[in-house]
Amino acid sequence: MPARHLLVKQAAVAADAVLPRREGLVVLLYHRVGGPGGGEVDLAPSVFADQVAWLADSGRVLSLEDALAWLRGERTAPARPVVLTFDDGTPDLVEHAVGVLARHDVPATLYLATEHVEQGRSFWDDGTVLSWAALADALTTGVLSIGSHTHSHALLDRLAPDAAADELDRSVGLIEERLGVTALDFAYPKALPPSPAVDALVRARFRSAALAGGRVNRVGTTDVHRLARTPVQRSDRPDWFRRKADGGLRLEGLLREVASRRRYAGAQR
Ligand SMILES: [Zn+2]
């Protein structure tokens, strides 16, 4: 693991001792499981399986739909509820993650960028391609729901409103057309917060929208179009993962948010 990641995690563990614990919904953010890259956003399948088994045993995992209802005060939830989400859409997800989720009957939402699937192109340029057929197969398990992550993974905070609207509508249209499901939820690429104009476009189209930030989402104060998510990384030791699922390691989320805004300052996608 890069030394700076370790330092950030150790600082976040230390900060947990002084930051007040907040009760609320933790939305975990995954990208890949068992991909060929093995980077920070790619978890080993056995690690992911252990995480899902632990969460399933605790009975805390809600579907995003149920979690939103809980945030609106329309249903009850177990203590420290957790939602699982995936970004982008890569074949390793259907090959290694969906089976684990189905085995434990744990729901998850995939925020899908549609262009690379439609074009039969690798999202990470690593030769692996996710097909609509594989996604349709994964949907038959009943544990996966599909949200939108734009069409081309465009960074929406810097797009003109009509181009941003096109990104949203193309992805929703393709998900409907190819999979027969309606994308009700959205996640911003790179978790970059939108301009006011794009924010309005997203609110008009989706019942929820997700960023990152590593915070818990509290009943009464959460804007469901700014859901906070907690990224899970390869370098998370089991005890760190459990802390994250319990709403801890908040400092890491905060530091990553600042770093990400800087890193993508001039990028388009
Ligand atoms: Zn993404």
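The values are calculated or read from the model by the stated rules, or taken from the named source; none is laboratory data. This one's a predicted model, so the numbers in the text were calculated from it and none came from an experiment. Cβ sites come from the backbone with ideal geometry, for glycine too, and all protein chains shown count toward neighbours.
Tabulated values for the structure
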| read-out | value |
| --- | --- |
| Number of positions in the stretch 135-156 that are away from the ligand (no atom under 15 Å from the Cβ) and either in contact with a Leu (Cβ under 9 Å, 6 or more places away or on another chain) or more than 30 Å from Asp66 (Cβ to Cβ) (or both) | 8 |
| Qualifying residue in the stretch 92-103 (condition: touching a Leu at 6+ places or on another chain (Cβ under 9 Å), more than 12 Å from the ligand (Cβ to nearest atom) and among the small types (Gly, Ala, Ser)) | yes |
| Tally, over the stretch 26-61, of residues that are more than 18 Å from Asp223 (Cα to Cα) and away from the ligand (no atom under 16 Å from the Cβ) | 21 |
| Members of the stretch 218-257 that are of a type in the set (A, V, I, L, M) and modelled with pLDDT of 70 or more | Val219, Val224, Leu227, Ala228, Val232, Ala245 |
| Hits in the stretch 71-91 (condition: on the phi < 0 side of the Ramachandran plot and in contact with a strand residue (DSSP E or B) (Cβ under 7 Å, 6 or more places away or on another chain)) | Leu71, Pro81, Val82, Val83, Leu84, Thr85, Phe86, Asp87, Thr90 |
| Positions within the stretch 197-216 being out of contact with any helix residue (DSSP H, G or I) (no Cβ under 6 Å at 6 or more places or on another chain) and either under 20 Å from Ile146 (Cβ atoms) or modelled with pLDDT of 95 or more (or both), in sequence order | Asp199, Ala200, Val202, Ala204, Phe206, Arg207, Ala210 |
| Any hit, the stretch 157-178, residues being part of a loop (DSSP other than H, G, I, E, B), away from the ligand (no atom under 16 Å from the Cβ) and modelled with pLDDT under 95 | yes |
| Any hit, the stretch 126-146, residues being within 24 Å of Val100 (Cβ to Cβ), polar (S, T, N, Q), within 17 Å of the chain's Cα centre (by Cα) and at pLDDT 95 or above | yes |
| Filter result for the condition that a residue is within 26 Å of Gly248 (Cβ to Cβ) and without any contact (Cβ under 8 Å) to a residue 24 or more places away in the chain, over Thr182, Thr221, Thr140 | Thr221 |
| Some residue of the stretch 117-132 being more than 16 Å from the ligand (Cβ to nearest atom), within 30 Å of Gly220 (Cβ to Cβ) and not polar (S, T, N, Q) | no |
| Positions within the stretch 180-198 being assigned to a helix (DSSP H, G or I), surrounded by fewer than 22 Cβ atoms within 10 Å (Cβ to Cβ) and more than 15 Å from the ligand (Cβ to nearest atom), in sequence order | Pro196, Ala197 |
| Among the candidates Leu201, Leu211, residue that is more than 16 Å from the ligand (Cβ to nearest atom) and free of Cβ contacts under 8 Å to residues at least 60 places away in the same chain | Leu201 |
